[in-house]
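Read the structure below first, then the notes.
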Amino acid sequence: MATHKCVWLDKEKAYIITNNGKDELMDTIYSEVDLRERYPGETNQGSRFGKQSVINERSKEERIKHQTLHYYQSIIDKIKDADAIHLIGPAEAKVELSKLINNKPDIDKKLKTVESSDKLTENQLKAKVRDLVN
């Protein structure tokens, strides 16, 4: 029986549901992307520099890019042994991950679907996987 892995993901976390024909196992990967960095001495009213914030945009963007790539790579490591891969999610994260998968010749043919979906409960995710598999 073929193993299908369905990934629901956004920028915060990914749910990986494995369907091997008889069982459905669910795994969660949390992103470590820092979308808001706090500096020592910073308060809600301003920052350690008073009412202004000084942020080095380039280094922040590079850090977020590397953290996101690490997050996507950890997802790929979990799904690369599947016979079929399905990506679902609410935003552009699924598209970014599909582009990375398409650049990997050993697993790019396994990617079957990339579709939009709102936030789903665990039971809804498992039902969605059953629909995709059948």
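If I ask for residues that are hydrophobic (A, V, I, L, M, F, W, C) and at positive phi, which ones from the range 2-26 would you list?
Within the range 2-26, no residue meets the criteria.
Give the residue that is nearest to residue 62 (Cα to Cα), with candidates limited to residues of the range 14-44 that are at pLDDT 65 or above and of a type in the set (Asp, Glu).
In this case the residue turns out to be 34.
Specify which of the listed residues (88, 75) is of a type outside the set (Phe, Trp, Tyr), at pLDDT 95 or above and crowded, with 18+ Cβ neighbours inside 10 Å.
After applying the criteria, what remains is 75.
The values are calculated or read from the model by the stated rules, or taken from the named source; none is laboratory data. Owing to the predicted nature of the structure, the values given are computational and were not obtained by experimental measurement. Note that each Cβ is placed from the backbone with ideal geometry, even for glycine, and that neighbours are counted across all protein chains shown.
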